[in-house]
Structures are given as C-alpha cells and as structure tokens.
1. Please find, among Ala98, Ala35, the residue that is small (Gly, Ala, Ser), touching a residue at least 40 places away in the same chain (Cβ under 8 Å) and assigned to a helix (DSSP H, G or I).
2. Just for region 290-320: of the residues that are free of Cβ contacts under 8 Å to residues at least 60 places away in the same chain and within 15 Å of the chain's Cα centre (by Cα), which one is nearest to Pro87 (Cα to Cα)?
3. Quickly run through region 129-140 and pick out the residues that are surrounded by 11 or more Cβ atoms within 10 Å (Cβ to Cβ) and not hydrophobic (A, V, I, L, M, F, W, C).
4. Specify which of the listed residues (Ala115, Ala111, Ala92) is hydrophobic (A, V, I, L, M, F, W, C) and part of a loop (DSSP other than H, G, I, E, B).
5. Limited to region 330-342, what total is found for residues that are assigned to a loop (DSSP other than H, G, I, E, B) and crowded, with 21+ Cβ neighbours inside 10 Å?
6. Condition test on Pro61, is it within 20 Å of Val319 (Cβ to Cβ) and of a type outside the set (Ser, Thr, Tyr)?
7. Name the strands (runs of 3 or more DSSP E) wholly inside region 185-294 in which the number of residues that are buried (at least 24 other Cβ atoms within 10 Å of the Cβ) and touching a Ser or Thr at 6+ places or on another chain (Cβ under 6 Å) is 1 or more.
8. Any idea which of Val89, Val148, Val176, Val72 is surrounded by fewer than 23 Cβ atoms within 10 Å (Cβ to Cβ), closer than 30 Å to Leu359 by Cβ and of a type in the set (A, V, I, L, M, F, W, C)?
Amino acid sequence: MTLIKSISGIRGTIGGAPGTGLTPLDVTRYTAAFASLMRKRADSGLKPAIVLGRDARLSGPMVADLVRGTLVGLGIDVIDLGLATTPTVEMAVPGEGAIGGIILTASHNPAQWNALKLLNANGEFISAADGAEVLRIAEQDDWQAADVHELGAVRNDDSWTKRHIDAILALDIVDVEAVAAKRFTVVLDAVNSVGGVAVPVLLDRLGVEVIKIHCEPNGRFPHNPEPLPEHLVDLCSTVRERKAHLGIAVDPDVDRLALVCEDGSLFGEEYTLVACADHVLAHRPGDTVSNLSSTRALNDVAARHGRTRHASAVGEVNVVELMRKVGAPIGGEGNGGVILSELHYGRDALVGIALFLTLLAKSSKSCLALRRSYPDYFISKNKIELSPGMDVQAIVDAMQARYATQPHSTIDGLRIEFGNTWVHLRRSNTEPIIRIYAEAAGMDDADALAGRIMSELKEIAGTVVQPG
C-alpha cells in the first residue's frame, strides 16, 4: 500500500493501515486540515463553502462520503457536483464564490488509487506554502470541529458540466459553425470515467458524430488509464475500422487529451498543446509556456507567430505562475494538458478538444496532414525507481558537475542542452521515482541519450554516500 503526502495533494492506494494507504482516517484528517486552512485564508465576503467533484473510479463514492461528512462536521457547506471533470470543478469554485475545492481523482493512476486534489478560492491548485501548511495541520491535528448548531449543509448541483461547456462554446476562438460544417466523425475513449459523460455532450453541441468506446462511467478501467500509445490500441484500431476523422482519448478526470489520426497513428500527446497553441497564438497576443520536460516543437510554433516559449518547472501550478508572469494566453504541459487563460487557469481537455477541432476545420487538412505540418521531435520517457534512503540531490549535483560546461537549467531538477537535443532528470512529486526525459530528432537518438544518462546516473548513485 502507498500513501504519498505532498504539497500538491494527498494520493494513495485504497486500503491498509492509516498512513500506509489512503484509508478513511487519512481522508478525514487531510480533508479537515485543508478545510481549516482555506477557512483561515478566505476573504470575509466568501461563504464557507467548498466545491466537491469526483471522477468515476470505484472508490469515489466512499471517499466522497467521508469528505462530505468531514466538511459538514467542520461547519462548512458542500456544493457537491457529483461526477465532474477536474476543469469543471476548477471553474465551479470561483463561480460559486466558494473558499476552495476538492477533486477526488488520482488522475492517470490505476483503479486502486485515489487522491484529494486541493483548490484555492480561485479554483487553482494550492501553492507550495499552503500545501506544506495542510501537511502540518494534518500531522498535528490542529483543527476544530463545529458544534451542533454550526454544522454545514450539502447542496447537490449537476449544472456545472453544462455551464463549463457553455463557456467554452462562447469563446470567439471556438468556431462551432466551422466544426459542424465538416461533419466530423470522432471515436472517443473515456476509459470508463467521467469523460464518458462530459465529452459526448461537448462533441454533440459541436455537431460531431461520436463513436463511443469505454464510455460507461463505472470506474472499471478497461486498460491502464494513462493515455499513452501502448494503452490506446482499441482507440487506434476503431478509428481505422470505422473510418473516423480522428480519435480522442482523455484520462479519468479529463485534464489530459491525446489524439489519434485517421490512419490510426498517434498525433502525439506532446503535440496536443503544440496544435492548440498554434491556433490560439494566431488569434491572441502574447507568448506561451510549457514545462521543462515538454517538446521544443512548441518553441518552433511560437516562433512562427513571432512569439516565445517560456519554460517552467514541472507541475501545473508552476506553469500557471509563469503564464501569469508573462501574460501568456495559452500554456500547458506535454502530457496533453492545455491551459487557456481566458477560460480558467487549469489543464482542460474539453477546451483542448474545442480548440483542436476548430483548427482542424479551418485548416481544411486531415488530422494526419495537420500533424505533418509540425516539426518532428521524439521524446524518450524513462524512470528509475528510488531506493530507500537514496540521496537524490547529491546524485543530481554530481550530474550537474559532470556537465557543467553544457548549457543547463536547475529550475526543476537538471535539464541539460546538447544543441538540438536535451535531457531532463527530476524527482517525481507523486511517485518514488526519478524521471529521465530526452528529446531528439529521432526516437533512436532520444533513446540513446536517455540510456546514456541513466547509465551515468546509476554509476554516480553507486558512489554517492547515503545519508545516515
């Protein structure tokens, strides 16, 4: 069993003893800690309410019951959206004037996982400082329950999916008529989660014919829910067999978007943001932002529009912070995460779908031809499991010293530039691993670079003295 307590939220496997998995006691403790902090942070004009939403995973109803009861017990009202995408909850928090939000989803993790994703009053992920304070409050049980006359109440509200989609379709950079005129046929794989509810509604209103696979929101994931090539075999084959214009895959909470071309080939998860940014930068002033582990193709597309791509540390909160700083109209992450600032500051597969289909319709190209219009780069994504007690920072410092003469960044781990190729190594915030990503003009070259760096990491790890 696993419980990962981090500033970005509480994530774990269901079951086990307290502190070893995401048990009922852990859910209650961290919910109470978060609610206590948000109440202290809230403006006096905000009502003490928290928005709650969840994906369709099997443990969702159980965890939701615990969260609702805890919040009510602390004297906080609950606005329960039920099954709702992560970006929908993000929009509902400020829309309801709530003091925060909790999303019950472990995102791309398998079915035995769940998590509490924590939002501030702006509907954005809480800061590192607030995350650390949540952990402190939980560890010290530094919170107070309400007396019987001050208990909170629960209000169910299933209107926010429609309100979210209404806001997307009202954007002037989403052309509903142009998309509808193309009479697209799209295959959708929603991994039997909440995307099976929300995405068909969006596509129907865009005039798109939808062929559904794995769209029953029962939480029984038919394959690993992370939208990676090896998990999208059914989608690719169905696109070919049904002669669809493209395929769409979303993760369980619908903040990541992957696309499949009409021949069944992958558009490339890294290129979701590239294509959406291409469309937005043609219609909005400003630069774009992605994290250090994202493709340099975004640099090239930004340059076509006379703009610059800025690189942030990995993590949505870091991308958002830099987007605000540079005034970027669009940004995101190479895992298929698209953030459109004028809608809200969060990764949103629904707006990504609308932007992409508008671009595709107006380009008069096929999905495959559109993909071929962008430069080809290939990223080799790898990871190394961490041994207990491993001094990760010492290993990274040793690698930095070894490549001191190469252009490099230490904003987040270590990214080293080698002309038109790069490698990025960093410790994961959500798993006990070091991620090693390398990009080059060919997959063989990217794999070779990643392999070389991993060998050097293992060599250095063998010489670093572990902390006592």
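The values are calculated or read from the model by the stated rules, or taken from the named source; none is laboratory data. The shown structure was predicted, so the numbers you read here are calculated from the model rather than taken from an experiment. Quick reminder, even Gly has a Cβ in these numbers, built from the backbone with ideal geometry, and neighbours come from all protein chains shown.
1. Ala35
2. Result: Val319.
3. Residues satisfying the conditions are Asp130, Gly131, Glu133, Arg136, Glu139.
4. Unique residue meeting the criteria: Ala111.
5. Going through region 330-342 one residue at a time, the tally reaches 3.
6. no
7. Correct list: 185-189, 257-260, 288-291.
8. Val176
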